[in-house]
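Asks: To start, I am sharing the structure in question, which I have written as structure tokens.
The values are calculated or read from the model by the stated rules, or taken from the named source; none is laboratory data. These numbers come from a predicted model, not from an experiment. Cβ: placed from backbone, ideal geometry, glycine included. Neighbour counts: every protein chain shown.
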Amino acid sequence: MSAAAHGHTPAAWTGVVIAFIGFGVAGVAMILPSPLLVWAGMAVVLVGGIVGKAMAMAGMGKQPSPHVYKSVEEQTKAREAAIAAA
């Protein structure tokens, strides 16, 4: 997975750090019997996911590879276009 740079983006790191903080808050709140703080921590976890996705959509996530798999139809059309151009 490391060859594909899986998760090595600012969007991924930011989302994970925010979610980790939320899990930490919720975990501490379970030790201190505080249901409100547990739910606040879970809300922070959700915010981490939303922030990570928003950053990825803003262009800070993994960029699409130029070596994308093409369907058989796309390959056939490309072959036919190359033959027609030659």
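Asks: Condition first: assigned to a helix (DSSP H, G or I), of a type in the set (S, T, N, Q) and surrounded by fewer than 14 Cβ atoms within 10 Å (Cβ to Cβ). Can you find one or more residues in segment 53-67 that meet it? Walk me through how you get there before you give the answer.
Replies: Narrowing segment 53-67 to residues assigned to a helix (DSSP H, G or I): 53-60.
Narrowing further to those that are of a type in the set (S, T, N, Q): none.
Within segment 53-67, none of the residues are assigned to a helix (DSSP H, G or I), of a type in the set (S, T, N, Q) and surrounded by fewer than 14 Cβ atoms within 10 Å (Cβ to Cβ).
Asks: In addition: Return yes or no: is LYS77 surrounded by 10 or more Cβ atoms within 10 Å (Cβ to Cβ) and not in a helix (DSSP H, G or I)?
Replies: Details: surrounded by 10 or more Cβ atoms within 10 Å (Cβ to Cβ): yes; not in a helix (DSSP H, G or I): no.
Answer is no for this residue.
Asks: Evaluate the following for ALA29: is it of a type in the set (A, V, I, L, M, F, W, C) and modelled with pLDDT under 90? Step through it out loud before you land on a result.
Replies: Details: of a type in the set (A, V, I, L, M, F, W, C): yes; modelled with pLDDT under 90: no.
So ALA29 fails the test.
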